[in-house]
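Below is one structure, written out as structure tokens; comments come after it.
The values are calculated or read from the model by the stated rules, or taken from the named source; none is laboratory data. Computed from a prediction, not measured in an experiment: that's the story for all the values here. Note: ideal-geometry Cβ built from the backbone for every residue, glycine included; neighbour counts use all protein chains shown. With ligands, DNA and RNA removed, areas are computed over all heavy atoms of the protein, side chains included. Shrake-Rupley method; radii C 1.70, N 1.55, O 1.52, S 1.80 Å.
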Amino acid sequence: MHGIISKPPKAATNLATSRVVLLLLVVMTGVAPISLYILVPALPVLATTFGRDISIAQMTVSLYMVGIALSQLIMGPLSDKFGRRPVLLGGLALMVVASIACIFAETLPQLIAARFFQALGGASGMVVSRAIIRDIYARDRVASMISLVVAALMIGQMVSPLTGGLIETAFGWRAIFYVITVAAIIVAAGIAIALPETRRDRAVGSGGFRSDVGTLIKSRAFIGYVMCQVLASQIIFTFAGGGPYIVVTQMGRTSAEYGAWFATTGFAYLVGNLLCVRFAPRHSLAKLIWFGLALQLAGSLLNLLWSFTGWNEAPAWLFGTQMIVMVGNAFVMANSAAGAISIRPEAAGTASGAMGFLQQGIGALMSQFGAYLGGHSATTLPLTAAVLAISLLCACMMFFVVPRREVVVSEALIGQAEEEETGMMWGVARSSASLRAQRSNPDCYLR
């Protein structure tokens, strides 16, 4: 595979300008993670209700995250093989059934099992939404659209714990699952009514899942983009794992104060995504990723210096500097994801699923690692050193693994590539999009 065909199907041209489709992308992406966070305030009540330790009740969250990780590994390839709509509708149907099972759960193990299947079905929207974005948008808009969807999702995630707490207080914990069930049904109905199939037609002889995986893992660009995106996400997991111990144990602040300070990093990530939406159409993926990497490295290096001086023993210094890291993190994650799923558009689901699985799977380990660093040290130094190390690894992936050779692709070459229908990808859209890409010297990488 030597390049990128970024021309969307004809039907995708109308979908790309549809606000309804954009809304569906947001809600299908958010239904699983919002369902994760909305239950968190009710965990102490669950432990009391079922007479179990809080650590057992916590499994309704941890097993849910395992379900999200496995779902992305499964649903992505299925969406490439059978289409986006059937996989989305099937996943949401599983989520509805599992949510109903949560409502009628009589024991905590039953609830934990139902939550796992709830995540397995609901997370289909997370992986398939990225594939749909790659289906219907030209490559130079993929990163900005991912950022826009994530920005809207961040707002939902920030308010979902508060929403869950209010629902539980007013109506009981089972009411939370009534809300999740209704939400999943509404999202499924919206997809059934308003979202046509967007999967690209596969070229004859292009192979199936094994061919997709074989092609992707042989691509330096794909490996580099995926590892850059996954490592960037580990900064979030590591800091989130160690942050509570640092603020509450080391600094002697309340958990409520920690929650308020941690919200500032979420706000910074939201700002980064909104800035990416603004600048992505006018700049290449490489420039945007390097800009984000520069902010990540600068912020993490500053926090390490503050650790040596002892300044970030106050939350304002620690989280204020981490906000710089998170703005850059948004640029790195969105544009790296766009690069990874653009390597082979007809296998966008497989690429998205592999990326999501690695992100969530490694994230679970890094969260524990961050908690260990925060809980077994007397200063912020181990945690800030780990964040800097991850930032350096992320930059190394971009520098040493992603090919830096840039190719300006002519209209004639695009037409030739499309006529041959080889499944090889040249990262340029036709017409005005192609001309704009040529002027800005886009990232069309050769392996």
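Put His283, His376 in order of accessible area, largest first, 1.4 Å probe: what do you get? Mind dumping the intermediate values first?
On the way: His283 85, His376 135 Å².
Final ranking, largest accessible area leading: His376, His283.
If ligands, DNA and RNA are left out, what is the accessible area of Arg130 with a 1.4 Å probe, given in Å² to the nearest 10?
Accessible area, nearest 10 Å²: 50 Å².
Can you give the charge dipole size of the stretch 108-191 about its Cα centre, rounded to the nearest 20 debye, using +1 on the beta carbon of Lys and Arg and -1 on the beta carbon of Asp and Glu? Present the calculation step by step, with values, prior to reporting the outcome.
Values: 6 positive and 3 negative charges, 31 e Å.
For this selection, approximately 140 debye.
With all protein chains present, calculate the accessible area of Arg85 using a 1.4 Å probe and round the result to the nearest 10 Å².
60
Over the stretch 137-176, what percent of the accessible surface lies on carbon and sulfur atoms, probe 1.4 Å?
Here carbon and sulfur together make up 74 percent of the probe-accessible area.
Hey, any idea what Rg/Rh is for the stretch 289-412, computing Rh the Kirkwood way over Cα pairs? Please list the in-between numbers first.
Details: Rg = 17.3 Å, Rh = 16.3 Å.
Answer for the stretch 289-412: 1.06.
Leaving ligands, DNA and RNA out of it, rank Tyr372, Tyr245, Tyr137 by accessible area with a 1.4 Å probe, largest first. Mind dumping the intermediate values first?
Working: Tyr372 130, Tyr245 100, Tyr137 5 Å².
Of Tyr372, Tyr245, Tyr137, the descending order of accessible area is Tyr372, Tyr245, Tyr137.
Treating the stretch 53-109 as a set of equal point scatterers at the Cα positions, no solvent, please give the Debye-formula log₁₀ I(q)/I(0) at q = 0.17, 0.18, 0.20 Å⁻¹.
Here the Debye-derived log intensity ratios amount to -0.68, -0.74, -0.84.
Would you mind counting up the charge near Thr60? Only other residues with Cβ under 15 Å from its Cβ, with Lys and Arg at +1 and Asp and Glu at -1. Walk me through the intermediate numbers first.
Details: positive: Arg52, Arg115, Arg174; negative: Asp53, Glu106, Glu168.
Overall, the nearby charge balance is 0.
Working out 0.36 nm times the residue gap between Ser55 and Ser18, then minus their Cα-Cα distance, what length gain in nm do you get to one decimal?
Values: separation 37, 0.36 × 37 = 13.32 nm, distance 4.47 nm.
Net length gain for the segment: 8.9 nm.
So how far, in whole Å, is the C-alpha centre of the stretch 46-67 from the one of the stretch 298-362?
28
For the stretch 31-164, give the magnitude of the charge dipole about the Cα centre (Cβ charges: +1 Lys/Arg, -1 Asp/Glu; no others), in debye to the nearest 20.
Working: 9 positive and 5 negative charges, 78 e Å.
For this selection, approximately 380 debye.
Please give the Cα centre distance for the stretch 217-249 versus the stretch 115-131, rounded to the nearest Å.
Using only Cα atoms, the two centres lie 20 Å from each other.
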